[in-house]
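The values are calculated or read from the model by the stated rules, or taken from the named source; none is laboratory data. Please read all numbers here as calculations on a predicted model, not as lab measurements. As a convention, Cβ positions derive from the backbone with ideal geometry for all residues, glycine included, and neighbour counts pool all protein chains shown. To get the accessible areas, we keep the full protein, side chains included, count just its heavy atoms, and leave off ligands, DNA and RNA. Shrake-Rupley method; radii C 1.70, N 1.55, O 1.52, S 1.80 Å.
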Amino acid sequence: MNGTVAYLLVTLGCLVGAAGVVIAVVALRKARTGPRPPAPGDPFHDRDADALRGDPRRLKPGDIVEIRQVPYTVRGSVHLVEGGWSWAEHLLDDAGGVKRWLSVETDPDLELVLWTGEPSATVTPGAPTLDFAGRRYSWDESGQARYTATEGTGLDPRGTMRYHDYQAPGGARLSFEAYGEAGWEVALGEKLHRAEVMIYPQGDPEQAG
């Protein structure tokens, strides 16, 4: 009799223990499959500046950009991806028809550069240093990216772009870009302060008509 009672007690204890293990496994699975916490925001993102001056990361064709008190219209945009990195270049023109490019990159801080094309330049990339327009530029980076482009840029809707970037003391930039099978395009760049750029969104141009 005592042996039977002992057997029943041992069996009951095993069942209780097994039930506890099942409950723990179920609880663990629920914890793992529950909603994930939101990803931390970009600590370098100046939301106050975006609220006051517009967010350059959201520029699109049709928007108005005022740079150093000169208004430009965004005629088209190019979005580029290289590995896990991405940036944008926007074609601008002013009331006089002068065309420039504004590049927008997060590295990790927001970096804005205003580019002016140099169509008569004969210099080519590849050397560690280059002398151009009275300055000596040092190689900074080079690579190849995939791009998508909107109408107004004069580019194919998608393709690849090769680039070589150089910098001079003081932050001046020299860039070489080649889209698809085209030759090198040369541009000089000026790094902009955030306060020098004001954005006036104009809505979605495709829905304006």
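Within a Cβ distance under 11 Å of VAL104, other residues only, what is the Lys/Arg minus Asp/Glu net charge?
-3
Given q = 0.27 Å⁻¹, what are the Debye log10 I(q)/I(0) values for region 147-209, with equal point scatterers placed on the Cα positions and solvent ignored?
Results for region 147-209 at q = 0.27 Å⁻¹ read -1.07.
What does the charge dipole of region 115-154 about its Cα centre add up to, to the nearest 20 debye, if the Cβ of each Lys and Arg holds +1 and the Cβ of each Asp and Glu holds -1?
60 debye
Towards the positive end of the charge dipole of region 110-207, with charges on Cβ (+1 Lys, Arg; -1 Asp, Glu), say which of SER175, LEU188, ALA133 has the farthest Cα.
The residue sitting farthest along the positive end of the dipole is ALA133.
Put +1 on the Cβ of each Lys and Arg and -1 on the Cβ of each Asp and Glu in region 65-154; which of VAL104, THR153, GLY83 then has its Cα farthest toward the positive end of the dipole?
Looking along the dipole axis, the top candidate is THR153.
Compute the signed sum of charges (Lys and Arg +1, Asp and Glu -1) over the other residues within less than 10 Å, Cβ to Cβ, of HIS90.
+1
For PHE132, list long-range residues whose amide hydrogen, built 1.01 Å from N in the peptide plane, is under 5 Å from its own amide hydrogen.
For PHE132, whose amide H was placed from the backbone, the distant partners under 5 Å are TYR137.
Hey, what's region 78-152 come to in accessible area per residue, 1.4 Å probe, Å²?
Heavy-atom accessible area per residue stands at 56 Å².
Kirkwood Rh, Cα Rg: Rg to Rh for region 56-134?
Answer for region 56-134: 1.01.
Once the mean 1/r over all distinct Cα pairs of region 100-209 is inverted, what Kirkwood radius in angstroms do you read off?
15.6 Å
Could you go through region 192-199 in sequence order and give the Karplus-derived ³J(HN,Hα) for each residue, using 6.51 cos²θ - 1.76 cosθ + 1.60 with θ = phi - 60°, rounded to whole Hz, and x for Gly and Pro?
9, 7, 4, 6, 8, 10, 10, 10
When a/c reaches 1.5 or more, the comparison of a/b and b/c decides; with that in mind, is region 116-164 rounded, prolate or oblate per its Cα gyration tensor?
Because a/c hits 1.5 or more and a/b fails to exceed b/c, region 116-164 counts as oblate.
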